[in-house]
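To start, the structure under review is shown below, and the notes come after it.
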Amino acid sequence: MKLNTMSTIGAVIRYLRDIYLKRGGDAFCSSEDWFIYTAGEDGEFRLDTPCCISARPDYDDERGVEIFPSFAEEHGMYCELMPETLEDVVAAVLDQKRCATEEDLLRALNYYADEDGFLQF
């Protein structure tokens, strides 16, 4: 994913779904240095939930605080969604239901966020 760009959760889900369907989970890019940030206004993700793609947060050991990238802060995005989490959810759903819709994937993401577990299809 291109750093310091605005997007939506739906667009990120589509991006990861397409990678997984074309090249499998080994093609996921969680090893790359990117992170997903949202405003965290309502508790549940929607396909149109705004997000930004930016660098992973730094951590200040002396103060014991995370330091968010300036791009995320400038856009009021302070809640983190690790790409690895979203990749795991997408893979788990597509392994069960290859033709899963974006709505299926979103429902599984929200389930994971609430239950810390994978939704069974």
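Restrict the check to region 51-69 and report whether at least one residue is closer than 20 Å to VAL90 by Cα, of a type outside the set (S, T, N, Q) and over 12 Å from the mean Cα position of the chain (by Cα).
Checking region 51-69: not a single residue is closer than 20 Å to VAL90 by Cα, of a type outside the set (S, T, N, Q) and over 12 Å from the mean Cα position of the chain (by Cα).
Can you tell me which of ILE13, ILE9 is in contact with a Cys (Cβ under 9 Å, 6 or more places away or on another chain) and open to solvent by less than 90 Å² (accessible area, probe 1.4 Å)? Give the steps one after another, and end with the answer.
Numbers: ILE13 fails: in contact with a Cys (Cβ under 9 Å, 6 or more places away or on another chain).
Criteria check complete, one pass: ILE9.
Name the strands (runs of 3 or more DSSP E) wholly inside region 23-79 in which the number of residues that are out of contact with any Phe, Trp or Tyr (no Cβ under 8 Å at 6 or more places or on another chain) is 2 or more.
Strands (runs of 3 or more DSSP E) meeting the threshold: 35-38, 58-60.
Listed here are the residues, each with its yes/no results for (1) within 18 Å of TYR15 (Cβ to Cβ); (2) without any contact (Cβ under 8 Å) to a residue 60 or more places away in the chain; (3) loosely packed, with under 14 Cβ neighbours inside 10 Å; (4) not acidic (Asp, Glu).
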residue	(1), (2), (3), (4)
GLU84	yes, yes, yes, no
ASP88	yes, yes, no, no
GLU103	yes, yes, yes, no
GLN120	no, yes, yes, yes
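Which of the residues spanning region 42-67 are more than 19 Å from LEU109 (Cβ to Cβ), small (Gly, Ala, Ser) and loosely packed, with under 11 Cβ neighbours inside 10 Å?
If the condition is that a residue be more than 19 Å from LEU109 (Cβ to Cβ), small (Gly, Ala, Ser) and loosely packed, with under 11 Cβ neighbours inside 10 Å, then GLY64 is the only one that fits.
The values are calculated or read from the model by the stated rules, or taken from the named source; none is laboratory data. Just so it is clear, the model here is predicted, and its values are computed rather than measured. Neighbour counts run over all protein chains shown; Cβ positions are idealised from the backbone, glycine included. Areas reflect the complete protein model, heavy atoms only, side chains present, ligands, DNA and RNA absent. Shrake-Rupley method; radii C 1.70, N 1.55, O 1.52, S 1.80 Å.
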